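Quick notes on the structure that follows.
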Amino acid sequence: MRVLILGVNGFIGNALTRRILTTTDWQVFGLDVGSDRIEEFLGEKRFRFLEGDIAINREWIEYHVKKCDVVLPLVAIATPATYVKNPLAVFELDFEENLRIVKMAARYGKRVVFPSTSEVYGMCPDAAFDEDASPLVYGPIRKERWIYSASKQLLDRVIWAMGNANGLRFTLFRPFNWYGPHLDDVDAPKEGSSRVLTQFLHNILYGVPIKLVDGGRQRRCFTYIEDGIDGLMKILVNENGCADGQIFNLGNPAADLSIRELAERLVAAVGTYEKFAPLARAATLVEVSAAEYYGANYQDITTRVPSVRKAKECLGWTPTTDFATGLAKTLDFYLSGRLRPEV
Ligand code: UDP
């Protein structure tokens, strides 16, 4: 199989590439603006890479859409701070650019595996979000945070309609707070632009107070990257067409933690590394309002639990990594080779 991954250097793209190259005989063609996470594959014969931008390198993309069997358009802005600071950039990249790719795949009869998001459920009141039954609930337009989920939701709907109208072969997957090695750079402090786990780890390592937005009562289901990749591989293999025309939540309902619990678990786990234990002991948690942290146009999602019944029934997938194990593996990646504490 020939797989085209746009955004191959991203958190999901690099982990998927590693899995494909180490466990299959497939070929991967990848595009990204950076290559720091995929350097180890650059000499590999079954991996071809172009450093480029999906908005610019259109001919390269078209040529490879034609050449490949399946397209994964993984390029997107997925950090809440950007949703409120630069909502149009989110719409242009996450919706407009990706729509072009989807249309191209439809034109050439290629399969699309598209990253929807757990954010599409928004403030859905259901105890567990169901791909085919749960309502998608957003705040008012002035709360600009919702431009991300609205963009993703609209593209989900367009892809779905193209499946019915044009015979586009597609699968949508919805990651629920995936974490693990290569998540974000813990040394690049972009407050509000990193995902919460790497942001908190940065704060601990640099002696900066951990900020709990609105007290950290909101909850997320933290899903270890390799579990997510297991699900994605099942989607790519697509045995008997089991993934065709379907939407799948890929999340770990058993790792449902409040953000405060996440901070406490992280501090405790960092404390088990002798070199970093003093930093863990010195770590402090402070409460900040969402408006202070993200600006007035943010609105949080208080709970987000996936139903994984469908992924189990159709794909035979269930997450298997508990949070303690996933966290330990993640911290080994970030801390074991680290030379010294920063402060
Ligand atoms: N959060 C926080 N402090 C931070 C960064 C994030 O309390 O320094 C909260 C944020 O408000 C959200 C949750 O952590 O409720 C998860 O944030 P993240 O950006 O990782 O992803 P989200 O699940 O919101 O897309």
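The values are calculated or read from the model by the stated rules, or taken from the named source; none is laboratory data. It should be emphasised that the depicted structure is a prediction, and the values quoted were computed from it without experimental measurement. Virtual Cβ from ideal backbone geometry, glycine too; neighbours counted across all protein chains shown. Each accessible area value is taken on the protein alone, full model and side chains, heavy atoms only, with ligands, DNA and RNA left out. Shrake-Rupley method; radii C 1.70, N 1.55, O 1.52, S 1.80 Å.
Summary of computed values
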| read-out | value |
| --- | --- |
| Enumeration of residues in the stretch 32-50 that are over 18 Å from Asp185 (Cβ atoms) and touching a residue at least 12 places away in the same chain (Cβ under 8 Å) | Phe41, Glu44, Arg46, Phe47, Arg48, Phe49, Leu50 |
| Residue among Leu327, Leu315, Leu266, Leu262 that alone is touching a residue at least 40 places away in the same chain (Cβ under 8 Å) and more than 21 Å from Gln218 (Cα to Cα) | Leu315 |
| Residue pairs meeting the criteria (Cβ under 7 Å; at least 6 apart or on separate chains; first open to solvent by less than 20 Å² (accessible area, probe 1.4 Å), in the stretch 295-310; second at pLDDT 95 or above and within 8 Å of the ligand (Cβ to nearest atom)) | Ile301/Gln218; Arg304/Ser118; Arg304/Arg220; Pro306/Ser118 |
| Matching entry among Glu264, Glu226, Glu274 (being among the acidic types (Asp, Glu), away from the ligand (no atom under 16 Å from the Cβ) and either more than 21 Å from the chain's Cα centre (by Cα) or open to solvent by less than 10 Å² (accessible area, probe 1.4 Å) (or both)) | Glu274 |
| Residue tally, condition among the β-branched types (Val, Ile, Thr) and touching a Ser or Thr at 6+ places or on another chain (Cβ under 7 Å), over the stretch 105-158 | 3 |
| Selection count where residues are touching a Leu at 6+ places or on another chain (Cβ under 9 Å) and part of a loop (DSSP other than H, G, I, E, B), scope the stretch 124-159 | 2 |
| Residue in the stretch 183-204 that is farthest from Phe323 (Cα to Cα), counting only those that are modelled with pLDDT of 95 or more and more than 10 Å from the ligand (Cβ to nearest atom) | Ile204 |
| Residue among Thr223, Thr198, Thr284 that alone is in contact with a Gly (Cβ under 7 Å, 6 or more places away or on another chain) and of a type in the set (S, T, N, Q) | Thr223 |
| Residue list for the stretch 75-88, filter: more than 16 Å from the ligand (Cβ to nearest atom) and surrounded by 18 or more Cβ atoms within 10 Å (Cβ to Cβ) | Val75 |
| Single condition Gly216 does not satisfy, out of (1) over 26 Å from Ser336 (Cβ atoms); (2) within 13 Å of the ligand (Cβ to nearest atom); (3) open to solvent by 10 Å² or more (accessible area, probe 1.4 Å); (4) in contact with a helix residue (DSSP H, G or I) (Cβ under 7 Å, 6 or more places away or on another chain) | (3) |
| Pairs, first at pLDDT 95 or above and open to solvent by less than 10 Å² (accessible area, probe 1.4 Å) in the stretch 106-121, second away from the ligand (no atom under 16 Å from the Cβ) and acidic (Asp, Glu), C-beta under 6 Å, six or more apart | Ser116/Asp156 |
| Condition met for Ser194 (open to solvent by less than 40 Å² (accessible area, probe 1.4 Å), of a type in the set (S, T, N, Q) and in contact with a strand residue (DSSP E or B) (Cβ under 9 Å, 6 or more places away or on another chain)) | no |
| Selected residue (criterion: nearest to Leu236 (Cα to Cα)) from residues of the stretch 287-329 that are within 16 Å of the ligand (Cβ to nearest atom), at pLDDT 95 or above and assigned to a helix (DSSP H, G or I) | Gly326 |
| Filter result for Phe170 (surrounded by 15 or more Cβ atoms within 10 Å (Cβ to Cβ), among the hydrophobic types (A, V, I, L, M, F, W, C), near the ligand (Cβ under 9 Å from one of its atoms) and in contact (Cβ under 8 Å) with a residue 40 or more places away in the chain) | no |
| Qualifying residue in the stretch 245-260 (condition: farther than 25 Å from Ser134 by Cα, surrounded by fewer than 19 Cβ atoms within 10 Å (Cβ to Cβ) and either more than 14 Å from the ligand (Cβ to nearest atom) or at pLDDT 95 or above (or both)) | yes |
| Hits in the stretch 111-152 (condition: within 16 Å of the ligand (Cβ to nearest atom) and under 24 Å from Cys242 (Cβ atoms)) | Pro115, Ser116, Thr117, Ser118, Val120, Tyr121, Phe129, Lys152 |
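A quick yes/no check of all residues on (1) open to solvent by 60 Å² or more (accessible area, probe 1.4 Å); (2) in contact (Cβ under 8 Å) with a residue 12 or more places away in the chain; (3) not polar (S, T, N, Q):
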position	(1), (2), (3)
Ala150	no, yes, yes
Gln153	no, yes, no
Ile159	no, yes, yes
Gly163	no, yes, yes
Asn166	yes, yes, no
Tyr179	no, yes, yes
